[in-house]
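The values are calculated or read from the model by the stated rules, or taken from the named source; none is laboratory data. What you see is a predicted model, and the numbers here were worked out from it, not measured in a lab. Neighbour counts are summed over all protein chains in view; Cβ atoms, including those assigned to glycine, are modelled from backbone coordinates with ideal geometry.
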Amino acid sequence: MEDRAERVNRWSRRSLLQAGSILATAGLLACARRSAPVHTVSGPPVSLEFWLPGRAGDEVPLEPFHTEFVTETPSVTVVQTQLVAKRDVMPKLTTAVVAGTAPDVVRLKEYQVTDLAALQDLLPLGSRVSQDPAVNLRDFTPQSIRGSHFQRQLVGLPDSHQLVVLFWNKNLLARAGLDPEAPPVTWEALRTAAQKVRTQTETRTVVLPWGFQFYEMSTREQAYAWFIEWVWRAGGDVWDANRTRVTLDQPAALAALQFQADLLHADRTAVRPGTPVAELISNVPQGRVGLWMTTAPQALVYSRTAPDLDFGFGHMPRQRQAATQLQHNSLAVLRGTRNPDQAYQLVSYRSRADIQLRWSAEGAWVPVRPALWQEPPFRDDWRWRTIGDLVRHPGNRPKPTVPQWEAVTGKITPHLLTAWRGEVTPAEALRAATREANALLNSRSGR
């Protein structure tokens, strides 16, 4: 749940000093890369089409990279970037594949990689990567590489990570009598902190701040993604061992949903479901919430959008174990491309260490190459260092996707929402979600 304008505006906030440091490091990495032989493609030069999920303006940061790629790649004349609304990516790609008009390269979420690979619409990249001196899979996080495979075939290369973490307003915690440097690390500590922020904060206004704010509560697949993490932290899982059956009717899932319902309805310390996204975003800079969930790169945004906000951020609290879902985006080549070699050249270029250093630092994208955490600005800025520590935590896991992920999650999230709203008990919601999701999976497998 992020203001998309904030993502675009990040590109204008670099200082000259930071830019010089990034470019100097990237230059050293580029020199090292160019010492290896460069793969060339014979034949006349071609144009490439690249699809980018997003909104107007999201393509602007990519233009210098694609221009540079064309300059150093004789076999390509231009990279045309096509913006596609996120909700339209899969329908439009499916239509384009059938019509033979699919793009050459596309940026995809991990579940979209799974969906398209299951339909055999993505070009396997393993053989090309094995011959590419610029790409070594060991240089990427294991979670992003696992999530870029389908049935043991590599079908994408990681582009960036994303993760949801806990933030807290240090001033509000202090005013509630809590230690602002010691955030809650367990569910019970979170519940206590939320209660104190809601009921004991010293304020001159009649309206007390909320204790806790969940990530967006909706029927989007992302709502299920963050709920999965709470089940993990309770010691459970949402799948059986083969990912053929949903297991939300187990104690860990019930513990997670019951805890959330208690914050919302028993304690009334959490922001209500149905609150407009704009209000959820504005709650933070306006000091209306003590602790909240959002994506880690927001730490880099608050210095501009909320300069007076004194905040901390770190791991989400656990019940039995620490666990974070390390989501990622991948770059993939469509199987129907007429220019597979040149399309892979673009993916390879975007996967290089020097390019990913600039791309991540300039756009506040979380790096998928662990070595980049030792380079500026990632090693020098406390916010980036904290994000790096979160990314490298051993309890992190990729998103546990299956084909037709949105269809499966679409059977689950409406029932979670009824429990979050207090319309049914958590047990009733989870039984219904499990029943409907498994009915879909059974019909798909012919059982």
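Worth pointing out:
- Checked across the stretch 339-354, the condition of being more than 27 Å from residue 282 (Cα to Cα) and without any contact (Cβ under 8 Å) to a residue 40 or more places away in the chain holds for no residue.
- Scanning the stretch 388-441 for residues that are free of Cβ contacts under 8 Å to residues at least 24 places away in the same chain, under 17 Å from the mean Cα position of the chain (by Cα) and assigned to a loop (DSSP other than H, G, I, E, B) yields one hit, 392.
- Breaking point among (1) closer than 23 Å to residue 351 by Cα; (2) more than 23 Å from the chain's Cα centre (by Cα), for residue 181: (1)
- Among the residues listed as 172, 154, 163, 190, the single one being buried (at least 20 other Cβ atoms within 10 Å of the Cβ) and either over 26 Å from residue 388 (Cβ atoms) or basic (Lys, Arg) (or both): 172
- Restricting the stretch 329-342 to residues that are assigned to a loop (DSSP other than H, G, I, E, B) and not polar (S, T, N, Q), the residue that is farthest from residue 97 (Cα to Cα): 338
- Filter pass, residue 379 being charged (D, E, K, R) and either assigned to a helix (DSSP H, G or I) or buried (at least 21 other Cβ atoms within 10 Å of the Cβ) (or both): no
- Scanning the stretch 262-299 for residues that are touching a residue at least 12 places away in the same chain (Cβ under 8 Å), surrounded by fewer than 20 Cβ atoms within 10 Å (Cβ to Cβ) and assigned to a helix (DSSP H, G or I) yields 262, 265, 277, 281, 283.
- Hits in the stretch 343-376 (condition: polar (S, T, N, Q) and either in a loop (DSSP other than H, G, I, E, B) or in contact with a strand residue (DSSP E or B) (Cβ under 9 Å, 6 or more places away or on another chain) (or both)): 345, 348, 351, 356, 360
- All positions within the stretch 208-221 that are under 26 Å from residue 189 (Cβ atoms), surrounded by fewer than 22 Cβ atoms within 10 Å (Cβ to Cβ) and under 21 Å from the mean Cα position of the chain (by Cα): 215, 216
- Exclusive hit being at pLDDT 95 or above, closer than 16 Å to residue 153 by Cβ and more than 22 Å from the chain's Cα centre (by Cα), set 121, 104, 115: 121
- Within the stretch 128-145, one or more residues are under 21 Å from residue 402 (Cβ atoms), surrounded by 24 or more Cβ atoms within 10 Å (Cβ to Cβ) and either modelled with pLDDT of 95 or more or polar (S, T, N, Q) (or both).
- Those residues of the stretch 54-79 which are in a helix (DSSP H, G or I) and touching a Phe, Trp or Tyr at 6+ places or on another chain (Cβ under 9 Å), in sequence order: 60, 61, 62, 65, 66, 68, 69, 72
- Set 126, 43: member being of a type in the set (Gly, Ala, Ser) and on the phi > 0 side of the Ramachandran plot: 43
- Put simply, of 386, 434 the only residue that is assigned by TED's automatic domain parsing to the domain that holds residue 246 and hydroxyl-bearing (Ser, Thr, Tyr) is 434.
- Lone qualifier among 369, 435 - being of a type outside the set (Phe, Trp, Tyr), at negative phi and out of contact with any helix residue (DSSP H, G or I) (no Cβ under 6 Å at 6 or more places or on another chain): 435
- Single unsatisfied condition, residue 114 versus (1) part of a loop (DSSP other than H, G, I, E, B); (2) under 16 Å from residue 150 (Cα atoms): (1)
- Filtered by the rule that a residue be at pLDDT 95 or above and either part of a helix (DSSP H, G or I) or outside the structural domain of residue 297 (by TED's automatic domain parsing) (or both), the stretch 168-188 gives 170, 171, 172, 173, 174, 187, 188.
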